[in-house]
Each structure stands twice: as structure tokens, then as C-alpha cells.
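The values are calculated or read from the model by the stated rules, or taken from the named source; none is laboratory data. Model, not experiment: these values are computed from the prediction. Ideal geometry is used to build each Cβ from the backbone, glycine not excepted, and the neighbour counts take in all protein chains shown. We work out accessible area using only protein heavy atoms, side chains counted, and drop any ligands, DNA or RNA first. Shrake-Rupley method; radii C 1.70, N 1.55, O 1.52, S 1.80 Å.
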Amino acid sequence: MVEAPLTIPAEWREIAQEVLFHGGPALAIGAPGSGKTTFCLYLAGLFCRSGKKVVWIDADPGQPFIGPPSVISLTTYTEASELLSRKNPMIMSFIGNTSPVGRLLEMISGLQKLYSLAQSLNPGLILINTCGLVNGGAARELKCHEIDMLSPRYVIALQKGAEVEHLLAPHSHRAGLLIHRIPLSPDTRASTREARRAAREQ
């Protein structure tokens, strides 16, 4: 069966073109099922088709696109066709759980190691796809450390309403940081907790 092509919102196209012009790093945040990975695939594909290398840091130990669960990982893409299937990570950092809760030190230290490697690879874009933890004190602390440590040029928030505004507010006046809020793709389907658990087990 041939799948219908993904519907790309105009806001996705606009921010992707802006990042392509100015460069990253770009950090994507959003709740589970918000379409972070789908947006990252779209953005990475745009860079690859423009002849630019993308270093993708998968900072989601619960629903990773690159490595296995319980790790965060890094890999590079130079061809858009490479994005059609999962690619083996170049390097991984063990978190020890599919949830960052109780593993903030491992998350931050691991991310710092991966980011240092990413910078050394001279990419056209460093792209960080964060985990879906957006509620509670651990979420605020983790996102604050991620933004402080990585100093991205762009934070791209995917949200239906205002579910991640409390994570963005502490950085609203940060010099050099551009925060963009974009909608979910109409094709995005929120997965249930049971479906996410099944995916991790698989």
C-alpha cells in the first residue's frame, strides 16, 4: 500500500527555510506525539538536499529514532535517502532508563559529550531532537539545562496550544536565541502510552 504524502504546514516550511539560511543549532521540543521527529526529518531532508551535512542528536531515550531505548545517540546524514530508514548511531551515551526522570545527570553529561563531537564534525546543521517530557519539575530542569548548555540558535516548539510555554518562558529574553512555535502536522497522530511502551519493548 502506498502511503499518502505528509502534509507540511506552511509554518514548517517557513521556519525550515529560515534555519537553512541562517544555520543552527536547532533544538526541537514538544509533548509525546507532537511530531518532533517528523519535523526533524523534514528539516534534515532539506539540508541534505542542499548538499549540507546534518548531525542529528537523538536526545529521547524513551522513543528514539536512531539508537535503542535507554540511550541518547548521534549520527550524521548527508543524503536525504538515508532518512528513509533508521541509521546506526556513530556514538551512544547510556542513560539507564527510558525516562529522564531520576537520570538528569546522565542526560546532561551524555548530551554534552555528544554535542562536543557534533561540533567537531563541521556540519551544516546540528539538530537536537529532545524527549517528550514536558510536565513537572524534572521537565523544567532538563529543558533549562539543555538550552543553557547547548546555546542553540533556534528552539522550535511543536504544540497544540500552550503546553510547552512554561518551558520557553525562562528563555524568552535570552540573547541570540530565536524561539519559534509551530503547529502539529495535520497528519500527526498522538500515540497512546501503551503504544509507546510496545514500541520500546519491540
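In the stretch 64-120, one over the average inverse separation of all distinct C-alpha pairs is 12.1 Å, which is the Kirkwood hydrodynamic radius. Amide H to amide H, with H built 1.01 Å from N, Ile179 comes under 5 Å of Val155, counting only residues 5 or more places away or on other chains. Kirkwood radius for the stretch 31-149, taken over all pairs of different Cα atoms as the inverse mean of 1/r, rounds to 14.3 Å. A Förster radius of 35 Å, combined with the Cβ-Cβ distance separating Cys144 from Arg13, puts the computed FRET efficiency at roughly 0.75.
Available extension along the chain between Ser116 and Glu82 is 9.9 nm, counting 0.36 nm per residue and deducting the alpha carbon span. Take the chain with all the other protein chains still there, run a 1.4 Å probe, and you get 49 Å² of accessible area per residue.
Put simply, the stretch 96-195 fits an ellipsoid with semi-axes of 22, 19, 15 Å; these come from the alpha carbon gyration tensor as the roots of five times its eigenvalues, largest first. For the stretch 1-73, a Kirkwood hydrodynamic radius built from all Cα pairs, placed in the Stokes-Einstein relation at 37 °C and 0.692 mPa s, yields a translational diffusion coefficient of 242 µm²/s.
Per-residue ellipticity at 222 nm from helix content only, as computed over the chain with -39500 (n - 2.57) for each DSSP H run of at least four residues, stands at -11000 deg cm²/dmol.
Compactness ratio for the chain: Cα radius of gyration over 2.2 N^0.38 Å (N = residue count) comes to 0.94. Accessible area of the chain with a 1.4 Å probe: how many percent of it is carbon plus sulfur? Answer for the chain: carbon and sulfur cover 52 percent of the accessible area.
Here's the list of lysines a cross-link from Lys53 could span, going by alpha-carbon distance under 21 Å and ignoring same-chain residues fewer than 8 apart: Lys36, Lys87, Lys113.
Placing Asp60, Asp148 in order of accessible area, with the largest value first and a 1.4 Å probe, yields Asp148, Asp60.
Two tests apply to each whole DSSP H helix in the chain, Cα reach of 15 Å or more along its axis and mean Kyte-Doolittle hydropathy of at least 0.0, and the ones passing both are 36-49, 104-120.
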